[in-house]
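Read the figures in this text as sums done on the coordinates, not as results from a lab. Only a predicted model underlies this, so the values are computations on that prediction, with no experimental measurement involved. Positions of Cβ are backbone-derived with ideal geometry, glycine not excepted, and every protein chain shown enters the neighbour counts.
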Amino acid sequence: MIRAAAVLFVVVFGFVLGASAQDFKAPEAKGRVYFKNLKNGAEVPATFTVEFGVDGLRVRPAGEDPLDHASGHHHLIIDGRPIPLGQTVPTDDKHLHFGKGETQAQITLPPGRHTLTLQFADGAHRSYGPKWAATVRVNVG
Ligand SMILES: [Cu+2]
């Protein structure tokens, strides 16, 4: 049993390591990501729902196949910038991953002006770059 677990660990870990930089490819599809329910300059309450849209790529849970670059998952970046192509999206309170394939989220922001950036990335969280990002300014009342 222990041996089986060790073998499984090597296989899984090796697969994750195997999906390294040289395997990264930008999507060939044409399309875009966009905020479905927010326009630039939108006035929003402190807690609000953000709906994520993508055309041209499929939404797929993270980790299923990091080499499938016809799919990926959404990330929401608060008061930041798009992540350069191929770079891993950080995980912190300003970089939210929606690795279950979520297409919307409820977030809470402090009052004032903020930017929200939607960033699409592959199953290993490697960014598809500014071409697959969208940014809106919001004003939290
Ligand atoms: Cu991610």
List the residue pairs whose Cβ atoms are under 7 Å apart, where the first residue sits in the stretch 66-95 and is part of a strand (DSSP E or B), the second is of a type in the set (D, E, K, R) and within 10 Å of the ligand (Cβ to nearest atom), and the two are 6 or more positions apart or on different chains.
G72/D122; T88/R126
Where residues in the stretch 96-108 are in a loop (DSSP other than H, G, I, E, B) and surrounded by 13 or more Cβ atoms within 10 Å (Cβ to Cβ), which of them is farthest from the ligand (Cβ to nearest atom)?
T103
Please work out if T91 is hydroxyl-bearing (S, T, Y) and away from the ligand (no atom under 13 Å from the Cβ).
no
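Applying the selection to the stretch 58-84, what residues are farther than 28 Å from F48 by Cβ and surrounded by fewer than 17 Cβ atoms within 10 Å (Cβ to Cβ)?
Here is the first cut: in the stretch 58-84, the ones farther than 28 Å from F48 by Cβ are 63-70, 84.
The answer is G63, E64, D65, L67, D68, A70, P84.
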Looking at L38 and the list (1) within 14 Å of the ligand (Cβ to nearest atom); (2) within 23 Å of V140 (Cβ to Cβ); (3) buried (at least 19 other Cβ atoms within 10 Å of the Cβ), which single condition is not satisfied?
(1)
